[in-house]
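S.K.: Have a look at the structure that comes next, please.
The values are calculated or read from the model by the stated rules, or taken from the named source; none is laboratory data. If you're wondering where the values come from, they're calculated on a predicted model, not measured in any experiment. Please note: Cβ atoms are built from the backbone with ideal geometry, for glycine as well, and neighbour counts cover all protein chains shown. Keep in mind that these areas ignore ligands, DNA and RNA; they rest on the heavy atoms of the full protein, side chains included. Shrake-Rupley method; radii C 1.70, N 1.55, O 1.52, S 1.80 Å.
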Amino acid sequence: MNGSTPFKIDCIVGARPNFVKIAPIMRALSSRAGLVPRLIHTGQHYDFVMNAVFFDELRIPAPDINLEVGSGTNTEQTARVMLALEPVFLAQRPDLLMVVGDVNSTIAATLVASKMLIPVAHVEAGLRSFDRAMPEEVNRLVTDRLSDLLFTTERVALDNLTHENVAPERITFVGNVMIDTLFACLERAVDPGQTFAEIGASEAFQSAAREKGFAFVTLHRPSNVDDPVKLAALLGALATISRRLPIVFPIHPRTRGMIANAGLEPLLAEPGIATAPPLSYLRAIGLMRAARLVVTDSGGVQEETTALGVPCLTARENTERPITIDQGTNTLIGVDPARLIAAVDDVLTTGGKKGRAPDLWDGRAAERIADATLAFLQRGREAIA
Ligand code: UD1
């Protein structure tokens, strides 16, 4: 290998939030003469609405390899990705593995690469909810421990990593690739009126939404949706809220399955609630941007609402993204239905939190990642030359 051989970078995606993050990274890596990215899809998410539509809208190149692992328990999913990925690395060893976020595909790929002594770069490093009941928290801890390059989105991540004795030279504050994608796509966002028509919202709903505005709701965290009692309480609160403010609620497959198993559909049969299958990215950001408020338990939505300046009520006891609270428009409200209803009333009365854009959430995070990755690989090559 000589000094001009391009470096091979394998990028891993598995689940919906990964697709949003990888889009600008693939573009930035491809634009560097010294880097050749290859996209490996684990197949953790596979439905059209959770997967293919994102590749189309975000203009992500088709994956070079699909491991087709599908659904399963956390352990099954992680183990299947590991078993399927090892032969891929053995057949063509990358110079570096790039992983994003905190899903099962992230930790699985990191484990395989680490055992083969392939350097790992982790995008969105250092976030901590300090709640190990979340599968994502375990994924974050292990991925960061094993990563050689840690790219962070907010300053608190550096504190968390320093606390865990990660060497500072491995950490680079680059900003937020999810916001790169948001800014790149906003002008193509779908008008809410079109989305309401497509999902079959009633005329009465559409005219109420035009007149009063609407709330955009997403819920899919196992801690909120896997327990039928908690889920019923949350859906009951949505029913109450919908009598004041129309609600559009695209339902994640996990949540839809739980609602069906527990027979909770009647709670959603309200004239002020328009349900939908999972929505495409351009439809989701179109609704988020226009919403009077957002209720969510998603990590990415907390960040997107902060970047858009839309009040966000997070139905969780903690967040790994505290900057969205300290500087952004996010408020943690827990999962008590009465508190949720009161928080919505408060936003409707006061207009909600105002917030400002966090440092380096400027649409250029992926460019910084590509530069830092190339510099890291070049240093490694010089060291052995
Ligand atoms: C995963 C991530 C979570 C992320 C979320 C975004 C982990 C531990 N969790 O959670 O961090 O916020 O993606 O969506 O990696 N299903 C389908 N079609 C699909 C995919 C899933 O029907 O294309 C159903 C299956 O019944 C599956 C369930 O949804 O069992 C959950 O999917 P899974 O990938 O296990 O986790 P998510 O809840 O999506």
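S.K.: Please go through segment 1-23 and give me each residue that is open to solvent by less than 10 Å² (accessible area, probe 1.4 Å) and over 13 Å from the mean Cα position of the chain (by Cα), ordered by number.
M.R.: Passing the criteria: I9, D10, C11, I12.
S.K.: Identify the residue in segment 331-347 that is among the hydrophobic types (A, V, I, L, M, F, W, C) and assigned to a helix (DSSP H, G or I) and, among all such residues, is farthest from L182 (Cα to Cα). Explain how you work it out, then say what you get.
M.R.: Let us first name the residues in segment 331-347 that are among the hydrophobic types (A, V, I, L, M, F, W, C), namely 332-333, 335, 338, 340-344, 347.
Subset that is assigned to a helix (DSSP H, G or I): 338, 340-344, 347.
Values: A338: 32, L340: 27, I341: 29, A342: 30, A343: 26, V344: 25, V347: 24 Å.
So, considering only residues that are among the hydrophobic types (A, V, I, L, M, F, W, C) and assigned to a helix (DSSP H, G or I), the one farthest from L182 (Cα to Cα) is A338.
For (1) closer than 30 Å to L235 by Cβ; (2) open to solvent by 60 Å² or more (accessible area, probe 1.4 Å), each residue gets a yes or a no:
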position: T305; (1), (2): yes, no
position: T329; (1), (2): yes, no
position: L332; (1), (2): yes, no
position: D346; (1), (2): yes, yes
position: T349; (1), (2): yes, yes
position: G352; (1), (2): yes, no
position: G355; (1), (2): yes, no
position: I384; (1), (2): no, yes
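S.K.: Could you identify the single residue in L245, L267, L282, L238 that is open to solvent by less than 20 Å² (accessible area, probe 1.4 Å), of a type outside the set (S, T, Y) and more than 23 Å from L332 (Cα to Cα)?
M.R.: Selected residue: L282, the only one of L245, L267, L282, L238 that is open to solvent by less than 20 Å² (accessible area, probe 1.4 Å), of a type outside the set (S, T, Y) and more than 23 Å from L332 (Cα to Cα).
S.K.: Can I ask one more? May I ask you to list the residues in segment 256-287 that are more than 18 Å from A215 (Cα to Cα) and either in contact (Cβ under 8 Å) with a residue 24 or more places away in the chain or in contact with a Lys or Arg (Cβ under 7 Å, 6 or more places away or on another chain) (or both)?
M.R.: Scanning segment 256-287 gives M258, I259, N261, A262, L264.
S.K.: Also: From the set of residues in segment 201-211 that are loosely packed, with under 15 Cβ neighbours inside 10 Å and touching a residue at least 60 places away in the same chain (Cβ under 8 Å), which is nearest to the ligand (Cβ to nearest atom)?
M.R.: Within segment 201-211, the first condition is being loosely packed, with under 15 Cβ neighbours inside 10 Å, and the residues that meet it are 202-204, 207, 210-211.
Checking the rest, the ones that are also touching a residue at least 60 places away in the same chain (Cβ under 8 Å) come to 202, 204.
On the way: S202: 27, A204: 31 Å.
So the residue we want is S202.
S.K.: Sort through V294, V301 and tell me the only one that's within 15 Å of the ligand (Cβ to nearest atom), crowded, with 23+ Cβ neighbours inside 10 Å and in contact (Cβ under 8 Å) with a residue 40 or more places away in the chain.
M.R.: Numbers: V294 fails: within 15 Å of the ligand (Cβ to nearest atom).
Step by step, each of V294, V301 is checked, and only V301 is within 15 Å of the ligand (Cβ to nearest atom), crowded, with 23+ Cβ neighbours inside 10 Å and in contact (Cβ under 8 Å) with a residue 40 or more places away in the chain.
S.K.: Taking segment 72-98 as the region of interest, how many residues are in a loop (DSSP other than H, G, I, E, B) and either within 18 Å of the chain's Cα centre (by Cα) or free of Cβ contacts under 8 Å to residues at least 24 places away in the same chain (or both)?
M.R.: Selection size over segment 72-98: 2.
S.K.: Then there's this: Out of the residues in segment 24-50 that are surrounded by 24 or more Cβ atoms within 10 Å (Cβ to Cβ) and near the ligand (Cβ under 9 Å from one of its atoms), which is farthest from P253 (Cα to Cα)?
M.R.: My answer is Q44.
S.K.: Continuing with this model, one more query. Evaluate segment 154-169: report whether one residue or more is under 28 Å from E76 (Cα atoms), without any contact (Cβ under 8 Å) to a residue 12 or more places away in the chain and open to solvent by 10 Å² or more (accessible area, probe 1.4 Å).
M.R.: No - not one qualifying residue is present in segment 154-169.
S.K.: Sort through A113, A121 and tell me the only one that's in contact with a helix residue (DSSP H, G or I) (Cβ under 9 Å, 6 or more places away or on another chain), in a helix (DSSP H, G or I) and open to solvent by less than 10 Å² (accessible area, probe 1.4 Å).
M.R.: Only one candidate qualifies: A113.
S.K.: Is there a residue in segment 59-68 that is open to solvent by 30 Å² or more (accessible area, probe 1.4 Å) and assigned to a strand (DSSP E or B)?
M.R.: yes
S.K.: Please state which of the following conditions L313 fails to meet, knowing it meets all the rest: (1) more than 16 Å from the ligand (Cβ to nearest atom); (2) outside any strand (DSSP E or B).
M.R.: (2)
S.K.: Where in segment 136-235 are there helices (runs of 4 or more DSSP H), lying fully within it, with 2 or more residues that are over 20 Å from N318 (Cβ atoms)?
M.R.: So the answer is 177-185, 192-198, 203-212.
S.K.: Among the residues of segment 331-343, is any touching a Pro at 6+ places or on another chain (Cβ under 8 Å) and either more than 16 Å from the ligand (Cβ to nearest atom) or assigned by TED's automatic domain parsing to the domain that holds F151 (or both)?
M.R.: Checked segment 331-343: at least one residue is touching a Pro at 6+ places or on another chain (Cβ under 8 Å) and either more than 16 Å from the ligand (Cβ to nearest atom) or assigned by TED's automatic domain parsing to the domain that holds F151 (or both).
S.K.: Filter segment 348-385 down to the residues that are touching a Ser or Thr at 6+ places or on another chain (Cβ under 6 Å) and assigned to a helix (DSSP H, G or I) and list them by number. Explain how you work it out, then say what you get.
M.R.: Start the filter on segment 348-385 by keeping residues that are touching a Ser or Thr at 6+ places or on another chain (Cβ under 6 Å), which leaves 353, 355, 372.
Passing the criteria: only A372.
S.K.: Looking at A239, A232, A260, which one is in contact with an Asp or Glu (Cβ under 6 Å, 6 or more places away or on another chain), among the hydrophobic types (A, V, I, L, M, F, W, C) and assigned by TED's automatic domain parsing to the domain that holds E317?
M.R.: On inspection, the qualifying residue turns out to be A239.
S.K.: I'd like the full set of residues that are more than 8 Å from the ligand (Cβ to nearest atom) and of a type outside the set (A, V, I, L, M), limited to segment 89-114.
M.R.: If the condition is that a residue be more than 8 Å from the ligand (Cβ to nearest atom) and of a type outside the set (A, V, I, L, M), then F89, Q92, R93, P94, D95, T110, S114 are the ones that fit.
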